[in-house]
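Working notes, structure below.
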Amino acid sequence: MLVSQILKDKPIHGVATVKPGATVNEAVQVLSEKKIGAVIVSEDGVHPAGIVSERDIVSALGASGTGCLTESVDTIMTSKLISCAPDDRAIQVLQTMTEKRFRHMPVMQGDEMVGLVSIGDVVKARLDELSSQAEALTNMIMGY
């Protein structure tokens, strides 16, 4: 399965973003309101400067307490993004996420972000793919 197929199955709401310079608290509000695990830091919503995840926020809270909530997201975001392309295979994306230990990956077409996939999205797609294969094999064996 390709990443582009995973994006087609996701609700079309766009990728949640905050602007550079937004506070960590503003990022927390977006995560909470949208019930998501990461937000992209971007000036225009298309060119990502970084990503802030729940894990980044918890690490900042652990290191400096609630004072980090008034700091800029720029101070805690991951700015060296690892991304994928729409024509990448889901299994490759899953392997990268697992090896690098992160759960959200921007999908880039050239230098523009066209989506965001979570490890949950990729695992679901892989399970659906395996289920379809099992059903096809069962039907072949049963003579359907």
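Each value in this text was obtained by applying a stated rule to the coordinates, not by laboratory testing. None of these values were measured; they are calculated from a predicted model.
Below is a table of values for the structure above.
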item: Whichever lysines have a C-alpha closer than 17 Å to that of K80, once near sequence neighbours (fewer than 8 apart) are set aside; result: K19, K100
item: GNM result for the chain, Cα springs below 10 Å: residue of Q29, Q109, Q133 fluctuating most strongly; result: Q133
item: Cα extents of the chain along the three principal axes, largest first (Å); result: 65, 31, 27
item: The chain: most fluctuating residue of V28, V93, V58 per GNM, C-alpha cutoff 10 Å; result: V58
item: For segment 1-62 versus segment 76-101, the gap between their alpha-carbon centres in whole angstrom; result: 15
item: Range of Cα positions in segment 1-74 per principal axis (Å), largest first; result: 42, 22, 20
